[in-house]
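Have a look at the structure below before the remarks.
Laboratory data are not the source of any read-out in this text; all were calculated from the coordinates shown. Bear in mind the structure is a predicted one, so any value in this text is a computation, not a measurement. In this analysis, Cβ positions are derived from the backbone assuming ideal geometry, glycine residues included, and neighbour counts consider all displayed protein chains.
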Amino acid sequence: MRSLEDSCFVKIAQSPEVSLNPQRVERALFSKNATELVRRSTEIGAAGGNGKGAMDTVRLRQKIITKLVEEGRGMAGSFPAPPAFLDKSFTSVSLVNSKIGDSFIRDTLSMRCPMLRSVDLTACFYIRDSAIESLLSRCSLVERLSLRNCRKLTDLSLEHLVRHGKNIAALDIGGCFNITAPGVDALCGLHPNAPRFAELDISGLNVTTHTLEVICHRCRHLEVLRIGFIEYMEDTLKDTLPPLLPNLRSLHVHWNTCITDEFLSWASQAIPRLQDLNLCGCSKVSVDGVSDMIHERQEALEKDGNAGLISAIEKVNVRYTSLSKHDIEALQAAYQGTEIVYT
């Protein structure tokens with residue numbers, strides 16, 4: 001018997017016209033084999049099921065949506081699968097690179113999936129501010145939202161986030177170049193959940209030092225901060241970031257050519273829970289700086305013992321820096337517990 005996933009993929013024909021036929025998709029999802037597998041996975045006990053059959057079918061539908069998107073199915077502004085693919089059992093959905101428009105968000109996604117908590121709309125280039133209003137006004141439980149590279153969005157989307165997205169805790173607006181510094185300032189200053197934000201990505205936005213000050217003052221519980229493609233001076237970061245330091249575990253300063261080895265040494269000592277540091281494109285850092293940073297953290301961990309106040313540095317991204325292949329190999333050999341990303 002084929003797996004549930006294979007059963008669906010086999011029954012959905014390769015041509016877009018047939019793939020988008022709701023009747024064919026329904027047969028794929030509810031064929032005899034598929035129904036039997038769902039029954040088995042739903043039953044707890046002798047059949048080996050775990051009672052999570054409904055969750056499995058949601059996961060399957062997400063995989064099919066992703067596959068159809070990757071194959072370029074659907075015209076501009078359209079969804080690459082029947083609307084019936086989506087229903088209230090979805091608590092998360094990824095539509096990365098989909099050619100969907102405002103009407104899909106308004107009439108299908110927000111209407112059929114009111115229980116959504118995580119939504120990834122990365123690189124959905126056609127959506128506008130009205131789509132964000134429709135989504136958040138009807139899906140009030142959304143906690144994680146990625147709008148990365150949704151280039152038509154403006155500060156109005158941030159106003160909708162303040163008004164309707166009261167549960168947002170993780171937000172990615174990196175690459176949304178029509179969003180301004182005053183818009184981000186207002187978001188962090190006015191959003192009711194800003195003090196409980198856990199993740200924020202503003203990479204590539206034309207923001208100011210004041211924006212970073214507002215973020216650090218209002219969003220003190222941030223664990224993940226991504227501020228790539230922004231030329232913040234090292235002293236600015238050292239002076240501004242302290243309110244975040246007790247909780248910060250991931251810091252992305254990629255493509256900031258102001259970053260030097262001095263900042264790495266400071267980060268190792270000042271950010272005790274730092275586990276992930278993205279230095280991609282930081283051309284002034286050296287292999288000695290990266291090595292010393294990891295080594296200093298290891299020494300601090302030994303002194304910390306079992307107190308749990310300090311975390312190991314688990315990942316460092318050094319792509320497009322001055323480090324050579326030999327440097328990378330030396331780091332990997334010396335610090336096998338740290339993932340050195342270079343490709």
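Remarks
- Remark: the Trp266-His221 segment gains 14.2 nm on full extension, using 0.36 nm per residue and subtracting the alpha carbon distance.
- Across the stretch 154-240, the mean sequence separation of Cα contacts (distance under 8 Å, 6 or more residues apart), normalised by length, yields a relative contact order of 30 percent.
- Rounded to 5, the percent of DSSP beta bridges in the stretch 223-343 classed as antiparallel: 0
- With R₀ set to 41 Å, the beta-carbon distance separating Lys63 from Asn247 gives a calculated FRET efficiency near 0.75.
- Taking a sphere under 14 Å around the Cβ of Ala169 and counting the other residues whose Cβ falls inside, with K and R at +1 and D and E at -1, yields a net charge of +1.
- Arg148, Arg112 arranged by Cβ crowding within 10 Å, fewest neighbours leading: Arg112, Arg148
- Between Tyr320 and Thr154, the contour length at 0.36 nm per residue exceeds the alpha carbon distance by 56.7 nm.
- Counted charge near Ile105, where neighbours are those whose Cβ lies closer than 15 Å (Asp, Glu -1; Lys, Arg +1): +1
- Note on Leu274, Leu156, Leu135: ascending count of other Cβ atoms within 10 Å places them as Leu156, Leu274, Leu135, the fewest first.
- Its relative contact order, with pairs defined as Cα atoms under 8 Å and 6+ residues apart, puts the stretch 49-192 at 18 percent.
- Estimated distance in nm for a label pair at Ala330 and Lys88, the labels positioned 7 Å out from Cα along Cα-to-Cβ: 6.2
- Given R0 = 56 Å, the distance between the Cβ atoms of Lys238 and Ser130 translates into a calculated FRET efficiency of 0.85.
- Sorting Val93, Val184 by the number of Cβ atoms found within 10 Å of their own Cβ, with the fewest placed first, yields Val93, Val184.
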